[in-house]
Amino acid sequence: MKKIIEENRSRVRAIIKKLTGSYNDDIEQDVYIKTWRNLGNYQENGKFKQWISALTVNVCRDYFRSRQHKMDEAQLNDEDVLAAVSVSGKQEELLDAKQRQKIILKAVDSLPRKMRQVVIWFEFEELSYEQISKKTGLPVGTIKSRLFNARKILSEKLNFLRGE
């Protein structure tokens, strides 16, 4: 397990940072625990890095649905706390980026399952059209179509972010 952690640490941390807006040690630990628990379920069909990346994305998604995240968010939204804290420009940008990430992830999560999976594979796991096609058994044109339609839906849902 130590070798798995060493070989995948930077990838796992990068995904966590990309999805949550900052590094989160608890999420990283959950990824390794779930990796250890599910190692027996891993099938040699794909690359291990893709498998652990998908697992990391799922752990991040679970975090956003979790009670702890809601408590963290409630503390963040508490006006008394925000009024008491002096926020510098860079800290404010970080908070804004984190909020934007959450909004984007919720929008991706609301997509129909087939589109959501293609977006996750293409955008977060950085698989090519051909790799996704092999994984699903669907033609490349279908993958491109689903990605196009998913982006169109996301663009409409997230249009308000452009004005910020």
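The values are calculated or read from the model by the stated rules, or taken from the named source; none is laboratory data. Quick caveat, the model's predicted, so the values are computed rather than measured. Glycine gets a Cβ as well: all are built from the backbone with ideal geometry, and neighbour counts include every protein chain shown. Side chains are part of the model used for accessible areas, which takes the heavy atoms of the whole protein and leaves out ligands, DNA and RNA. Shrake-Rupley method; radii C 1.70, N 1.55, O 1.52, S 1.80 Å.
Would you please name the residue that is surrounded by the most Cβ atoms within 10 Å (Cβ to Cβ), looking only at residues in the stretch 10-20 that are of a type in the set (D, E, K, R) and touching a residue at least 12 places away in the same chain (Cβ under 8 Å)?
Ranking the candidates gives ARG13 first.
Restricting attention to the stretch 126-140, which residues are part of a loop (DSSP other than H, G, I, E, B) and buried (at least 17 other Cβ atoms within 10 Å of the Cβ)?
LEU127
What about PHE148, is it under 13 Å from VAL108 (Cβ atoms) and aromatic (Phe, Trp, Tyr)?
It is false that PHE148 is under 13 Å from VAL108 (Cβ atoms) and aromatic (Phe, Trp, Tyr).
Does the stretch 21-33 hold any residues that are in a helix (DSSP H, G or I) and either within 15 Å of LEU55 (Cβ to Cβ) or open to solvent by 90 Å² or more (accessible area, probe 1.4 Å) (or both), and which are they?
Answer for the stretch 21-33, where residues must be in a helix (DSSP H, G or I) and either within 15 Å of LEU55 (Cβ to Cβ) or open to solvent by 90 Å² or more (accessible area, probe 1.4 Å) (or both): ASP26, ILE27, GLU28, GLN29, ASP30, VAL31, TYR32, ILE33.
Considering only residues that are under 13 Å from GLN117 (Cα atoms) and open to solvent by less than 50 Å² (accessible area, probe 1.4 Å), which ones fall in the stretch 143-156?
Within the stretch 143-156, ILE143, LEU147, ALA150 qualify.
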